[in-house]
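Reading through the structure tokens given below for one structure.
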Amino acid sequence: MPRKKKGCGDGIAIRGMFRLHVVDPDGTVAHDSGWQKNIVVDNGFTQYMVKALGSSADAGSLTHIALGSDTVAVSASQTAMVSEITKTNGSYVRTTFSTSTSAKSLAIYATWAASWNTDVTGSSCRIGQVGLFNSSATGTLFAAQSFTAATCTNNQAVNVTYNLAFATA
């Protein structure tokens, strides 16, 4: 006889994945990360999910997407990205994004135009992580993940599609 689960039996899961493309000036995709599963970090659940459902005044709202140079696996306890890419003046290279929604999902689209990394490293930049934040500077990390690093030169653009799907567990 099957065992019954204890508790209310209802559950909600959030699954995220992203894909990063480094694009040459002629539109050719020079690097494709493939679809990568993300990790929603502990602070991400608290600041963006729990507080929003409780109508907390300090609940987070996703506004920016970031790139990192490291390929270290993301852990749920992280509060920031490892080696987030910054400009020579110390500011982050985060960008805003557009979105589309359906009944149980959110799609996020971001683009860094060619020459976005001119004041980062000079001729090229290594990209190995993507993360979602509520601010252009500091802020609370919601979700992130690493992937096999890509090199982006000054004449290449970067496009990221990030999908968050909500489902009953």
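The values are calculated or read from the model by the stated rules, or taken from the named source; none is laboratory data. Bear in mind the structure is a predicted one, so any value in this text is a computation, not a measurement. Every residue, glycine as well, gets a Cβ built from its backbone with ideal geometry; the counts of neighbours run over all protein chains shown.
Between 103, 66, the distinction of being surrounded by 20 or more Cβ atoms within 10 Å (Cβ to Cβ) and within 30 Å of residue 11 (Cβ to Cβ) belongs to 66 only.
Please find, within the range 111-159, the residue that is modelled with the lowest pLDDT out of those that are under 30 Å from residue 12 (Cα atoms), in contact with a Lys or Arg (Cβ under 7 Å, 6 or more places away or on another chain) and of a type outside the set (Phe, Trp, Tyr). In this case the residue turns out to be 136. Checking each residue in the range 63-104 for being closer than 20 Å to residue 17 by Cβ and touching a helix residue (DSSP H, G or I) at 6+ places or on another chain (Cβ under 6 Å) picks out only 76. Scanning the range 119-141 for residues that are among the aliphatic types (A, V, I, L, M) and under 18 Å from the mean Cα position of the chain (by Cα) turns up 127, 130, 132, 137, 141. Listed conditions (1) closer than 22 Å to residue 43 by Cα; (2) in a strand (DSSP E or B); (3) over 11 Å from the mean Cα position of the chain (by Cα) are all met by residue 144, apart from (3). Residues in the range 41-71 that are out of contact with any strand residue (DSSP E or B) (no Cβ under 6 Å at 6 or more places or on another chain), of a type outside the set (Gly, Ala, Ser) and assigned to a loop (DSSP other than H, G, I, E, B): 41, 58, 63. Filtered by the rule that a residue be in a strand (DSSP E or B), of a type in the set (Phe, Trp, Tyr) and closer than 18 Å to residue 69 by Cβ, the range 94-138 gives 112, 133. Just one residue in the set 157, 107 is closer than 14 Å to residue 18 by Cα, out of contact with any Leu (no Cβ under 6 Å at 6 or more places or on another chain) and in contact (Cβ under 8 Å) with a residue 40 or more places away in the chain; that residue is 107.
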